[in-house]
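Below is one structure; the comments refer to it alone.
The values are calculated or read from the model by the stated rules, or taken from the named source; none is laboratory data. Note that the coordinates shown come from a computational prediction; the quantities given were computed from them, not determined experimentally. When we count neighbours, we look across all protein chains shown, and the Cβ atoms used for this are built from the backbone with ideal geometry, even at glycine. Surface accessibility is based on the protein's heavy atoms, side chains included, excluding ligands, DNA and RNA. Shrake-Rupley method; radii C 1.70, N 1.55, O 1.52, S 1.80 Å.
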Amino acid sequence: MGIIIQISQFLLGLSLLIILHELGHFIPAKLFGTRVEKFYLFFDVKFSLFKKKIGETVYGIGWLPLGGYVKIAGMIDESMDTEAMKEEPKPWEFRSKPAWQRLIIMLGGVIVNFVLAYVIYFFLSFIYGDRHIDATTIQDGYLVENPLLTDLGFKTGDNIIKVGEYKVENVSDIKGNFIGAKTITFERDGNEQTITMPEDFLGQFSDSKRRDLFEMRYPVVISHIPDSSFNKSVNLKNGDIIRTIGDKQLKYIDQLVPVLNEYKDQEVSITFLRDDVLITDKLKVSSDAKLGIVYFGGVGYDTMEKLGYYKMKTKEYTFTESFGGGYNKFTGQIDKYFGQLKEIGNPSTGAYKGVGGFYAILNVFPDFWDWQTFWSITAFLSIMLGVLNLLPIPALDGGHVMFLLYEMISGRKPSDKFMEYAQTVGFFILIALVLFANGNDIFKAIFK
């Protein structure tokens, strides 16, 4: 069921972004009297799943979910309709319009992506506000188990203070600013220390099977006791939180194994929390330090706060304040994304190994449905789509904009033949990038 929810969110978010992006081209084209021959969600290679002609435009849905497009008359685009370009320009064609109008048409999709992202962040601020775990209230540091970090000298209990030059105020600041960070500053036993990160850490991280970095520490929360368990008669239920085993306090799940190793092949007393009531019982520990109980680390934010593990910071926005709140989220995400592109563009960081395709985007969505999470991810993907489309690669909006700016500055319009060649080169560059990104996904799925 989880994968169905992920796919549903992926397709809904992708379809929304594609349709609105293409509307960004479609609307100014129509306003300037330019004929739009096709408006498609996904690509209609050989055939369409659905199509209907309304007026001069064919609206349809293709079968290949790699994007979408509008086919504008008199424009050399991905359709490579060069035969139409051999005819004399007509007043309703793209090539007959002034350069400034063509520039607006080409920038329309990117503008819509950025406006959409800002609007989403505005409403997220207004409806949900901001809710963060206050990093200054974390008592016993973070869980560190990834060998990439432990080999550098980090260990469980380290309290992260700064990631690069960013001071950690909220727990989300750690992962939010991790990419490109040259140093990590932390507190251990009351002393502040700094570790310099390897230049190729992102490459090492991409090669690793593990995705954990500095994680929250959670209590031992019971899931269930299997019928075959030697502890099946113990009065433990789903959601109970174990607080002590024997004479040992058990605050975090990462402390469980060392404690059980001290009580191998013994029956020990335990205390656990249920509905704010502390209950005592006994458990058997097997000779291999097992309990025969299914448990997990993790409870809701409110429960963790109530138990004193940390404090939450909540900020609510009025309608007017949401303009500023949305702007801060919008510009913050753009800064972070450009930071990611900078690291990817530097081969020495190895960050290019982490570039993913559609499967990677699919896995960004959670396997549960939460509208706040869905819209947050969709806003970020809208920014990503806008930035990528601005890259000066022929066949992308940025490539067309590059040639239009050249025309406006020099007064010389590139020939149709040159644009055909440029479009072909750009198409092959895009195919190579798509194959590389999705090839990374396939490689990781098979070999990692």
Worksheet item: Angle, helix 416-447 long axis vs. longest principal axis of the chain, Cα atoms, 0 to 90°, nearest 10?
Response: 20 degrees
Worksheet item: Carbon and sulfur together cover what percent of the accessible area of the chain at a 1.4 Å probe radius?
Response: 60 percent
Discussion item. With a 1.4 Å probe and all protein chains kept in place, how do 335, 173 rank by accessible area, largest first?
Written reply: 335, 173
Item to complete: Restrict the search to region 301-350; then list the trypsin sites (Lys or Arg not before Pro) that DSSP places in a loop and that have at most 16 other Cβ atoms within 10 Å of their Cβ.
Response: 311
Worksheet item: Of 313/353; 251/313; 155/336; 336/417; 167/209, which ones are farther than 32 Å apart at the Cα?
Response: 313/353; 336/417
Worksheet entry | Solvent accessible area, Å² - residue 35, 1.4 Å probe, full protein context | 80 Å²
Response to the item:
Which of 51/71; 232/290; 306/329 exceed 18 Å between C-alpha atoms? The answer is 306/329
Discussion item. For residue 179, what accessible surface area do you get with a 1.4 Å probe? Give it in Å², rounded to 10.
Written reply: 80 Å²
Worksheet item: [x] 22.9; [y] 27.4; [z] 45.2: which one is mean projected area of the Cα convex hull in nm² as calculated from this entry?
Response: [y]
Worksheet item: Just how much of residue 48 is accessible, in Å², when a 1.4 Å probe is used and the result is rounded to the nearest 10?
Response: 40 Å²
Worksheet item: Gaussian network model of the chain, Cα springs within a sub-10 Å range: biggest mean-square fluctuation belongs to which of 157, 411, 203?
Response: 411
